[in-house]
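Undergrad: Can you read through this structure? Questions will come right after.
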Amino acid sequence: MEAIPILELKHISKSFPGVKALKNLDLKIESGKVHILVGENGAGKSTLIKIINGMYTPDEGEVIFQGKKVLHHTPADMMDLGVATIHQELSPVLDMSIAENIFLGREKTLIKWKTMYQEADRLIRSLGFSYNPREKMRKLSVSDMQIIEMVKALSKNAKVIIMDEPTSSITDRDAAVLFDQIRKLKEKGIAVIYITHKMDEIFQIGDTVSVLRDGELVHTGGLAGLTKDKVISLMVGRDMKEIYPENPTKPGEPVLELKGLTRAGVFQNIHLTLRRGEILGIAGLIGAGRTEIFRAVFGLDKYDSGEICLEGETVQIRSVYDAVRRGIMMIPEDRKGEGLVLCRSVAENISLPNLDKYKAGVINDRLEHKNADAMIKKLSIKTPSEGTPAGALSGGNQQKIVISKWLLHSPKVLIMDEPTRGIDVGAKYEIYKIMCELVQSGMSVIMISSEMPELLGMCSRIAVISNGKKTGELEGAEMTQEKIMALAVKGFENEQE
């Protein structure tokens with residue numbers, strides 16, 4: 001006799017203006033199993049999750065929880081039933097304690113502080129951790145915050161926990177800790193719905209895999225017979241023989257040189273050379289100082305000493321304006337928070353750093369729209385129109401907007417910080433193709449990434465940053481994951497000695 005699923009969706013459909021987000025979808029979630037949910041950006045994953053957690057009401061179909069149809073369908077209703085969501089972009093109250101965050105929204109008129117801290121401590125220890133419940137959230141790492149979110153979910157007697165891209169901003173070491181906790185959740189009989197773009201994670205922790213494509217469920221089942229290539233093929237609807245495009249460009253003369261660049265307590269004595277037509281990879285663990293180095297190069301942060309040389313000339317970069325004026329541009333790690341104005345249109349976002357091109361007393365709308373249309377075509381940005389808000393597009397298309405706004409400046413050096421974070425394999429390939437086309441046109445690219453396979457697949461050289469220092473540089477046959485990791489931990493080991 002087949003076990004009754006903890007959660008079941010029957011014939012779910014959901015539409016938005018001009019878009020059929022979900023089409024007659026059926027899904028079963030079992031207790032004590034990790035149900036992996038994959039699909040390209042725009043496949044319907046977010047809509048499906050929002051229907052499960054009560055943020056959206058389906059146009060058609062039923063949500064059934066523990067064998068009973070859910071009649072009231074709001075986030076509060078679903079939380080009361082035992083459905084908790086850990087979002088990709090965590091939003092803890094950083095200046096509140098761990099305990100306060102766990103019980104936020106469930107305080108009584110008069111808070112019994114002693115009882116609250118004791119209960120938080122009990123919950124934390126039940127997962128095998130020893131966090132001080134009085135400690136402020138801002139002192140925790142991202143992975144620690146995710147574990148506290150799990151504690152928060154368990155404090156509400158969650159029977160189903162949804163995890164949206166939980167490893168997108170943490171190290172492999174922290175991910176291993178998180179996976180151990182997920183296995184403990186399974187042992188407690190809790191169902192986990194796990195959304196990921198990382199194919200390896202499917203086979204590390206998954207029991208069941210469901211693949212969405214264009215709002216339809218194209219596959220659901222166990223791992224037997226599945227391979228990474230098969231999952232990718234199901235996601236994109238075609239075979240993807242090549243993950244990384246060919247790049248025949250041979251690097252030329254030095255374009256950008258960092259000579260002893262130092263910022264006290266952050267990074268020190270950084271020597272790097274970027275050559276024309278090159279994709280230079282920057283590897284290292286999260287918190288190693290990779291981003292901070294190039295924020296200084298881009299003028300976002302100041303550096304204390306050292307030189308930045310552009311095409312053989314020492315330049316002073318005191319602001320972003322200085323960097324942009326000299327042809328150095330940067331695509332930030334946080335595209336939503338720092339790269340885009342989500343409520344403004346695609347055309348407006350492309351135009352923002354280029355307004356000086358359109359000014360003649362007033363903005364030249366015709367020229368602005370002409371350039372936006374050209375970039376939309378050049379980068380194949382999928383958008384209903386140039387007037388669509390940037391926040392309405394998929395992650396891959398949002399990233400293309402961020403790239404396009406800088407391409408109008410014809411940069412000499414483009415710094416790309418985690419350029420494919422949180423986007424699907426099909427969109428990743430498109431970003432990789434754009435990068436190759438840029439270097440083939442004579443531009444130079446710096447690629448900061450936490451994903452070693454893409455560094456190895458895309459870069460001619462890889463420099464490794466560890467604890468604010470450059471610990472090595474690899475080229476050709478020397479570039480292996482093992483050597484990158486050994487250099488990535490080297491700076492931290494030296495400090496401990």
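Values quoted throughout were computed directly from the atomic coordinates according to the rules given, and no laboratory measurement underlies them. This is a predicted model, so every value here is computed, not measured. Ideal geometry is used to build each Cβ from the backbone, glycine not excepted, and the neighbour counts take in all protein chains shown.
Undergrad: Where Rh is the Kirkwood radius over the Cα pairs of the chain, the temperature 37 °C and the viscosity 0.692 mPa s, what D in µm²/s does Stokes-Einstein return?
TA: 133
Undergrad: Please report the equivalent ellipsoid semi-axes of segment 175-293, computed as sqrt(5 x eigenvalue) of the Cα gyration tensor, largest first, in whole Å.
TA: Equivalent ellipsoid of segment 175-293: 40, 24, 10 Å, largest first.
Undergrad: Do the alpha carbons of any pairs in K159/K184; K20/K50; K250/K470; K370/K405 sit beyond 18 Å of each other, and which pairs?
TA: K250/K470
Undergrad: Let me ask something additional. For the chain, what is the mean residue ellipticity at 222 nm derived from helices alone (per DSSP H run of n ≥ 4: -39500 (n - 2.57); sum divided by total residues; nearest 500 deg cm²/dmol)?
TA: Helix-only estimate at 222 nm: -10000 deg cm²/dmol.
Undergrad: Another question, then. Using each residue's phi in segment 407-419, evaluate 6.51 cos²θ - 1.76 cosθ + 1.60 at θ = phi - 60° and report the 3J(HN,Hα) Karplus result to the nearest Hz, with x for Gly and Pro.
TA: 5, 5, 8, 6, x, 8, 10, 10, 8, 10, 9, 6, x
Undergrad: Report the FRET efficiency, 1/(1 + (r/R0)^6), for S305 and K490, where r is their Cβ-Cβ distance and R0 is 25 Å, rounded to 0.05.
TA: Result of the calculation: an efficiency of 0.60.
Undergrad: Please list 3J(HN,Hα) in residue order for segment 48-61, calculated via the Karplus relation 6.51 cos²θ - 1.76 cosθ + 1.60 where θ = phi - 60°; whole Hz, with x for glycine and proline.
TA: 4, 5, 5, 6, 5, 8, x, 6, 10, 9, x, 5, 9, x
Undergrad: Would you please state the base-10 log of I(q)/I(0) at q = 0.07, 0.13, 0.14 1/Å for segment 7-236, with intensities from the Debye formula using one equal scatterer on every alpha carbon?
TA: The Debye formula, applied to the Cα set alone, gives -0.23, -0.79, -0.91.
Undergrad: Oh, and also: Tell me, what is the percent relative contact order of segment 7-236, built from C-alpha pairs under 8 Å that lie six or more residues apart?
TA: Value for segment 7-236: 30 percent.
Undergrad: Taking the alpha-carbon set of segment 322-470, what are its Rg and Dmax in Å?
TA: Rg, Dmax (Cα atoms, Å): 15.6, 49.
Undergrad: Mind checking segment 213-269 for GluC sites (Glu not before Pro) that DSSP puts in a loop (not H, G, I, E or B) and that have at most 16 other Cβ atoms within 10 Å?
TA: Of the GluC sites (Glu not before Pro), the ones in loops of segment 213-269 whose Cβ has at most 16 other Cβ atoms within 10 Å are E242, E246.
Undergrad: Could you pull out every residue, at least 5 positions away or on a different chain, whose amide H is within less than 5 Å of the one on L7? Hs are placed 1.01 Å off N in the peptide plane, and Pro or chain starts have none.
TA: Counting only residues 5 or more places away or on other chains, the set is I29, Q66.
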